[in-house]
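**Q** Submitted below is the structure of interest, expressed as structure tokens.
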Amino acid sequence: MLPAASTVSNNCWREYSLTVDAIKKQFPSGNNVSLVLDEWRSMNKSPITSVIAYYIDRNWELREVQLAFDKVDSMLSSYFEC
């Protein structure tokens, strides 16, 4: 039996909120963060995406946190073709 659309939507929003909260905990409060999205194809032609966050800490050192590194769904792979 499939769950109702509202149940799926609520579950997605809950997971999204938990993920955002977990990401925010990785950064000191009061910092500006720059997000970088990078996409490319691996040697076996699989589309890959990466999300990296950069910020400067209190000691003026550049920090980076990799938030995602995933193979892109095949439905979206044509988007990455050059």
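The values are calculated or read from the model by the stated rules, or taken from the named source; none is laboratory data. What you see is a predicted model; the values in this text were computed from it and never measured. Reconstructed Cβ throughout: ideal geometry from the backbone, glycine too, with neighbour counts over all protein chains shown.
**Q** Scan the range 1-57 residue by residue and report those that are among the small types (Gly, Ala, Ser) and out of contact with any strand residue (DSSP E or B) (no Cβ under 8 Å at 6 or more places or on another chain).
**A** Restricting attention to the range 1-57, the residues satisfying the condition of being among the small types (Gly, Ala, Ser) are 4-6, 9, 17, 22, 29-30, 34, 42, 46, 50, 53.
Those that are among the small types (Gly, Ala, Ser) and out of contact with any strand residue (DSSP E or B) (no Cβ under 8 Å at 6 or more places or on another chain): 4, 5, 6, 9, 17, 22, 29, 30.
**Q** Residues of the range 14-38 being assigned to a helix (DSSP H, G or I) and either loosely packed, with under 10 Cβ neighbours inside 10 Å or aliphatic (A, V, I, L, M) (or both), which ones?
**A** Filtering the range 14-38 down to residues assigned to a helix (DSSP H, G or I) leaves 14-24.
Within the range 14-38, 18, 20, 21, 22, 23 qualify.
**Q** Now for a separate question. Quick one: is residue 31 of a type in the set (S, T, N, Q) and modelled with pLDDT of 80 or more? Can you show your working first?
**A** Working: of a type in the set (S, T, N, Q): yes; modelled with pLDDT of 80 or more: no.
The answer is no for residue 31.
**Q** Name every residue in the range 42-68 that is part of a strand (DSSP E or B) and at pLDDT below 80, in order of residue number.
**A** Step one: of the range 42-68, the residues part of a strand (DSSP E or B) are 47-56, 62-68.
68, the sole residue that qualifies.
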